[in-house]
Amino acid sequence: MDDPPPPDSRTPSRPSAAGPHESGPRIDQILREAAAALALIPDGSPRLEAELLLSQATGWPRTHLVAWPEHRLGPEALGVFRELMARRLIGEPIAYIRGRQAFWSLDLKVTPDTLIPRPETELLVETALELLAAQRRLLVADLGTGCGAIAAALATERPDWTLFATDRSEGALRIARENLARLQLSRVVVVQAHWLRAFAAGSLDAVLSNPPYIAASDPHLTRGDLRFEPRGALSPDGDGLGACRAIASEAFRCLRPGGWLLLEHGHAQGADVRRLLTAAGLRSPRTRADFAGHDRVTWAHA
């Protein structure tokens, strides 16, 4: 997944001919200096990010950068690279700069209209695949789909399921449609809706969501990548549980008997979410920890 995507409206156009030049700085020099500058960004991966941005600027795969460190960049490619570096150095997420993010086995388009899919959310997909019968043609809703990551992952693994990918944001749904069309996932229906209001009683076998769950007072909202992501996809304001409450309150109505509700949530919210699901009439709530040992996904059934 190293080859750069076509440029979009936010990414400078790559040079039309990005071959090596006789003059200009060498690849190894550019990468060394860029990695040193990117090391100032907390929690980053300086060398990897430098390679990704240089690949984006030149159109060369990362393997080329490693195999031919002596190649030199001409002024046009170097100018594009410096623009990309400037965006990263003010903290803009690498996923938005490149316009793409890996999730599950997929390469997805992302923009500032969408949340950036994270590895923790793959646990939600994994748990759903374990809980739900693979041989059945299920109806499953992905609420607050963003770029369509959860729905796309499930549709890829279970092509007989029908998925409904919902979001309130038309900007996010536009990106979800693009991703689903490119992946040729025709059994995913994209719907503009707020949580479960678009669904009839007893119409779904499962509901999944990675809803906004960061409390409004959490200082992380003003730090790092979160500064650039859509606030409404990160925090429902208040204590951070408003979206989970709204989904849980409607889930019992929409789920068929025995249907499942699965929610991603913050690392300290497992007990609260279990109580919410029980209060909503759902049974046997359980919570699963992520790879860091933090509570991350809670589920219960109707």
- Message: Could you list, ordered by first residue, the pairs with Cβ atoms under 6 Å in which the first is in the stretch 263-292 and touching a residue at least 60 places away in the same chain (Cβ under 8 Å) and the second is among the aliphatic types (A, V, I, L, M) and part of a strand (DSSP E or B), at least 6 apart or interchain?
- Response: E264/V297; R288/V297
- Query: Hey, any hits in the stretch 91-103 for a residue that's open to solvent by 60 Å² or more (accessible area, probe 1.4 Å) and either in a loop (DSSP other than H, G, I, E, B) or out of contact with any Cys (no Cβ under 9 Å at 6 or more places or on another chain) (or both)?
  - Reply: no
- Query: In the stretch 167-190, what residues are farther than 20 Å from T121 by Cβ, of a type in the set (A, V, I, L, M) and touching a Phe, Trp or Tyr at 6+ places or on another chain (Cβ under 9 Å)?
  - Reply: V189
- Task: At least 1 residues that are under 19 Å from A193 (Cα atoms) and β-branched (V, I, T) in each: list the helices (runs of 4 or more DSSP H) lying fully within the stretch 205-289 that qualify.
- Result: 242-254
- Query: If you go through the stretch 202-211 one residue at a time, do you hit one that is hydroxyl-bearing (S, T, Y) and in contact with a Ser or Thr (Cβ under 8 Å, 6 or more places away or on another chain)?
  - Reply: no
- Query: Mind checking which pairs have a first residue in the stretch 196-216 that is modelled with pLDDT of 95 or more and a second that is part of a loop (DSSP other than H, G, I, E, B) and among the aliphatic types (A, V, I, L, M), Cβ under 6 Å, 6 or more apart or different chains?
  - Reply: D205/L138; A206/L132
- Note on the structure: Exactly one of A193, A155, A248 is under 23 Å from L132 (Cα atoms), over 17 Å from the mean Cα position of the chain (by Cα) and of a type outside the set (S, T, Y), and that one is A248
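Residues checked against (1) open to solvent by 20 Å² or more (accessible area, probe 1.4 Å); (2) within 15 Å of S209 (Cα to Cα):
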site: V140; (1), (2): no, yes
site: L143; (1), (2): no, yes
site: R158; (1), (2): yes, no
site: W161; (1), (2): no, no
site: F164; (1), (2): yes, yes
site: A181; (1), (2): yes, no
site: L185; (1), (2): yes, no
site: V189; (1), (2): yes, no
- Which condition breaks for L106 when tested against (1) under 14 Å from the mean Cα position of the chain (by Cα); (2) open to solvent by 50 Å² or more (accessible area, probe 1.4 Å)? (2)
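R72 - would you say it is charged (D, E, K, R) and farther than 23 Å from N210 by Cα?
Yes, satisfied.
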- Restricting the search to the stretch 224-237, which residues are open to solvent by 50 Å² or more (accessible area, probe 1.4 Å), at negative phi and without any contact (Cβ under 8 Å) to a residue 24 or more places away in the chain? R231
- Note on the structure: Flagged in the stretch 22-47 as farther than 13 Å from M85 by Cα, open to solvent by 70 Å² or more (accessible area, probe 1.4 Å) and under 25 Å from the mean Cα position of the chain (by Cα), in numbering order, are P42, D43
- Task: May I ask you to list the residues in the stretch 175-187 that are in contact with a strand residue (DSSP E or B) (Cβ under 9 Å, 6 or more places away or on another chain) and closer than 18 Å to D113 by Cβ?
- Result: I175, A176, R177, E178, N179, L180, R182
- Would you mention how many residues in the stretch 140-166 are of a type in the set (A, V, I, L, M, F, W, C), in contact (Cβ under 8 Å) with a residue 40 or more places away in the chain and part of a loop (DSSP other than H, G, I, E, B)? 1
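Please verify whether A198 is farther than 20 Å from L143 by Cβ and assigned to a loop (DSSP other than H, G, I, E, B), treating the condition exactly as stated.
So A198 does not fit the description; no.
The values are calculated or read from the model by the stated rules, or taken from the named source; none is laboratory data. For clarity, every value in this text was computed on a predicted model and none was experimentally measured. Note that we place each Cβ from the backbone using ideal geometry, even for glycine, and neighbour counts take in every protein chain shown. Heads up: the accessible areas ignore ligands, DNA and RNA and are worked out on the full protein's heavy atoms, side chains in. Shrake-Rupley method; radii C 1.70, N 1.55, O 1.52, S 1.80 Å.
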